[in-house]
Every structure is written in structure tokens, then in C-alpha cells.
Amino acid sequence: MMLVTGASGTVGRPLVELLVAAGVKVRAVARNPAGLPAVAEVVDEPVLEGVTGLFANPRAIGDGVDDLIGQAKAHGVRRVVALSAANVDDDPDRQPSRFRGDRNREVERAVTGSGLDWVALRPTTFAANAFGLWAEQIRRGDAVYGSYAEATWSPIHELDLAEVAVRALLDDDLLGTRPVLTGPESLTQREMVRTVGDAIGRELSYVEMTAETARVALVARGFPDGFATGLLAMQARSVGVPALVTNEVHRVLGRPALTFARWAADNAYVFGRAA
Ligand SMILES: NC(=O)c1ccc[n+]([C@@H]2O[C@H](COP(=O)([O-])OP(=O)(O)OC[C@H]3O[C@@H](n4cnc5c(N)ncnc54)[C@H](OP(=O)(O)O)[C@@H]3O)[C@@H](O)[C@H]2O)c1
């Protein structure tokens with residue numbers, strides 16, 4: 001039995017689906033279980049009886065990782081896979097998600113120091129961040145207002161990440177490793193928006209606003225100021241610098257990582273109908 005924390009999240013949902021499809025018993029931890037496969041057992045907090053493998057999502061665990069790992073060991077869990085991040089070793093000020101409460105470093109350290117079999121997955125930015133950044137605007141019109149048009153990302157499709165997580169949970173090849181997982185190409189934010197436009201059959205234009213306007217807009221949407229400031233600083237640093245691209249997804253899955261164009265096509269319905 002695999003216990004998946006954050007099961008309703010970006011990676012958790014496809015991970016549960018892939019495990020269930022592979023015939024693996026899954027206990028999914030989610031406060032909002034809508035859309036999870038009916039054959040998965042859904043709980044609203046981790047229940048470790050009968051669990052052999054654990055997927056640890058820091059967003060869902062919060063400050064509770066030591067307790068979770070302690071319980072996992074007490075219940076005979078053999079393997080734990082951490083969802084960490086490519087920037088986990090950076091100065092905390094350069095990890096904007098810490099301002100949202102994500103304790104990626106603490107979770108990775110607890111997992112790798114647990115004495116259990118472990119894998120720490122270190123992805124770069126999720127392609128799915130495009131929903132929060134741009135989807136609402138794109139549904140309304142063809143102009144997309146955002147910061148730093150030339151900031152670069154190497155966005156990873158959540159299916160790739162979920163497939164690698166399946167390998168980490170079920171196979172032994174990745175044990176004791178911290179693969180840095182990226183999409184297959186570096187793209188600017190302007191190029192990403194254009195790619196979404198191609199997927200929905202509309203010509204979208206990226207209209208750059210000042211970093212200060214972008215910061216105020218993020219805060220107005222409920223993001224902590226530290227997160228907004230850190231994210232914008234990260235974008236500013238990336239202008240003119242290609243985003244890190246690794247071959248790890250290809251190496252693990254035996255096929256190239258999925259492109260952002262593929263992600264946009266898979267999710268075109270979220271951004272609105274083709275004009
Ligand atoms: N987004 C990126 O680009 C990126 C890149 C690298 C690493 N990461 C890391 O990956 C992790 C997941 O990030 P994500 O953005 O993809 O989140 P997510 O997996 O979509 O969120 C996971 C799930 O956690 C649950 N959750 C959220 N807040 C919670 C809270 N306060 N208490 C308990 N449960 C909560 C929610 O499920 P329910 O509401 O159903 O319980 C949510 O579906 C984070 O640690 C993040 O730093 C993200």
C-alpha cells in the first residue's frame with residue numbers, strides 16, 4: 001500500500017491515477033478528494049497502518065514531517081519519496097515557496113536522514129504554474145499582463161514528475177538519489193504564453209508590467225509579500241540566462257521529457273476555447 005500526501009495536488013493527482021492504473025493499492029491523503037479515482041482509499045490525514053511506501057509532499061505536510069517520518073518508521077514503512085525542489089540547497093531567501101510555508105529542505109532532510117529507503121525528487125518549476133499566472137487573463141482576452149517577459153523557466157509537465165515518482169516508489173534504480181527534474185527546454189515567459197496561444201488557436205501577446213505592479217497584483221491575490229518579492233527577484237535574475245535543463249526525466253523514463261507545447265495542448269480547455 002502506497003500513502004500519497006497532497007493527493008489532490010498538481011503531482012499527487014496524476015501520481016494516484018498512475019499507481020491505481022498499475023494495480024497498486026493507494027491511500028490518498030486529501031482534504032478535498034474531488035476527482036480522485038474511486039478505487040483509491042481517501043483519508044483526510046495520514047493513516048500509516050499497512051503502508052509500505054510513502055510520498056511526502058511538503059505543501060501538504062507543513063511542519064509535520066518529523067512526526068510523519070516517526071509514525072512511518074513505527075508502522076514499518078520501508079520507503080519514502082520526497083517531493084523537493086531544484087532550488088532546495090539555495091539560500092532560503094532564494095526559495096520563494098518558503099514564504100508560502102513549503103518546508104522542502106526540512107522534508108528532504110528528514111526523508112534522506114530517516115534510515116528508510118529514500119528518493120528525493122528535485123523538480124524545477126511546474127508547467128501547471130501557468131494556470132495561476134495566466135489562465136484567468138487568457139480566458140478574458142488576448143493580452144496577458146505579467147512581469148519580466150524574458151524571464152526563463154524550464155517547465156516540467158506534472159505527468160513526467162508523477163511518472164518519475166512512480167518509478168521512485170516502485171523500482172530500486174533511484175534509491176538514495178536526488179534527481180533534478182526539468183522540462184526539455186528553456187523558455188521565456190513570453191514564449192510560454194505564445195505557446196498557450198498556439199494550443200488554443202489564439203494569438204496571445206505578453207504585456208510586460210513593472211515588477212512593482214506585479215508584486216502588488218500578487219499580494220492582492222493573497223500571496224505573501226515575501227513570496228511575491230522572491231518570485232520576482234528570481235525572474236529578474238533569470239532574464240538573459242537560459243533555465244537549467246537536465247536529461248534526468250529522459251534517463252529515468254526512457255523517453256524525452258514532455259514539452260510545454262504538449263502540456264498546453266493537454267490543458268487547452270482550462271485556458272478557454274479556440275477563437
Ligand atoms: N509549483 C512549482 O513550480 C514547484 C516546483 C518545485 C517544487 N515545488 C514544491 O512542490 C510542493 C507542492 O507544490 P504545489 O504547488 O504543486 O502544491 P500542490 O501539490 O498542488 O498542493 C498539494 C496539496 O496539499 C494540500 N494542501 C495545500 N495546503 C495545505 C495545507 N496548508 N495543509 C494541508 N494540506 C494542504 C492540498 O490538498 P487538499 O486541500 O485536498 O488537502 C493540495 O492539493 C511544494 O512543496 C512546492 O514547494 C513546487
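The values are calculated or read from the model by the stated rules, or taken from the named source; none is laboratory data. Everything numeric in this text was worked out from a predicted model, so none of it was measured. Virtual Cβ from ideal backbone geometry, glycine too; neighbours counted across all protein chains shown. Remember, those area values only see protein heavy atoms, side chains included, never the ligands or the DNA or RNA. Shrake-Rupley method; radii C 1.70, N 1.55, O 1.52, S 1.80 Å.
The set of residues in the stretch 53-82 being open to solvent by 60 Å² or more (accessible area, probe 1.4 Å), more than 14 Å from the ligand (Cβ to nearest atom) and in a helix (DSSP H, G or I) consists of D66, Q71, K73, A74. Within the stretch 106-152, the set of residues being of a type in the set (A, V, I, L, M, F, W, C), in a helix (DSSP H, G or I) and open to solvent by 30 Å² or more (accessible area, probe 1.4 Å) comprises F131, L133. Looking only at the stretch 167-187, decide whether some residue is in a helix (DSSP H, G or I), in contact with a helix residue (DSSP H, G or I) (Cβ under 6 Å, 6 or more places away or on another chain) and not assigned by TED's automatic domain parsing to the domain that holds V51. Among the residues of the stretch 167-187, at least one is in a helix (DSSP H, G or I), in contact with a helix residue (DSSP H, G or I) (Cβ under 6 Å, 6 or more places away or on another chain) and not assigned by TED's automatic domain parsing to the domain that holds V51, which makes the answer yes.
Open to solvent by 60 Å² or more (accessible area, probe 1.4 Å) and β-branched (V, I, T): which single residue out of V245, V180, V249 fits that description?
Working: V180 fails: open to solvent by 60 Å² or more (accessible area, probe 1.4 Å); V249 fails: open to solvent by 60 Å² or more (accessible area, probe 1.4 Å).
V245 is the lone residue from the list that is open to solvent by 60 Å² or more (accessible area, probe 1.4 Å) and β-branched (V, I, T).
Taking the stated definitions as given, is V216 in contact with a strand residue (DSSP E or B) (Cβ under 9 Å, 6 or more places away or on another chain) and at pLDDT 95 or above? For V216, the condition - in contact with a strand residue (DSSP E or B) (Cβ under 9 Å, 6 or more places away or on another chain) and at pLDDT 95 or above - is not met. Looking at the stretch 83-105, can you tell me whether even one residue there is loosely packed, with under 15 Cβ neighbours inside 10 Å, at pLDDT 95 or above and away from the ligand (no atom under 16 Å from the Cβ)? There is no residue in the stretch 83-105 that is loosely packed, with under 15 Cβ neighbours inside 10 Å, at pLDDT 95 or above and away from the ligand (no atom under 16 Å from the Cβ). Inspect all residues belonging to the stretch 59-74 and state whether any of them is under 24 Å from N267 (Cβ atoms) and free of Cβ contacts under 8 Å to residues at least 40 places away in the same chain. No.
Matching residues to (1) part of a strand (DSSP E or B); (2) more than 19 Å from D171 (Cβ to Cβ); (3) modelled with pLDDT of 95 or more; (4) within 14 Å of the ligand (Cβ to nearest atom):
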| site | (1), (2), (3), (4) |
| --- | --- |
| A7 | no, yes, yes, yes |
| L18 | no, no, yes, no |
| G35 | no, yes, no, yes |
| L48 | no, yes, yes, no |
| V51 | no, no, yes, no |
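Number of residues in the stretch 234-275 that are of a type in the set (A, V, I, L, M, F, W, C) and in a loop (DSSP other than H, G, I, E, B) equals 9. Out of the stretch 37-46, which residues are open to solvent by less than 40 Å² (accessible area, probe 1.4 Å), part of a loop (DSSP other than H, G, I, E, B) and either away from the ligand (no atom under 15 Å from the Cβ) or of a type outside the set (G, A, S) (or both)? Answer for the stretch 37-46, where residues must be open to solvent by less than 40 Å² (accessible area, probe 1.4 Å), part of a loop (DSSP other than H, G, I, E, B) and either away from the ligand (no atom under 15 Å from the Cβ) or of a type outside the set (G, A, S) (or both): just P37.
Cβ-Cβ distances below 6 Å connect the following pairs, each with a first residue in the stretch 180-207 that is over 26 Å from E163 (Cα atoms), a second residue that is in a helix (DSSP H, G or I) and β-branched (V, I, T), and a separation of six or more residues or different chains: L204/V193; Y206/V193.
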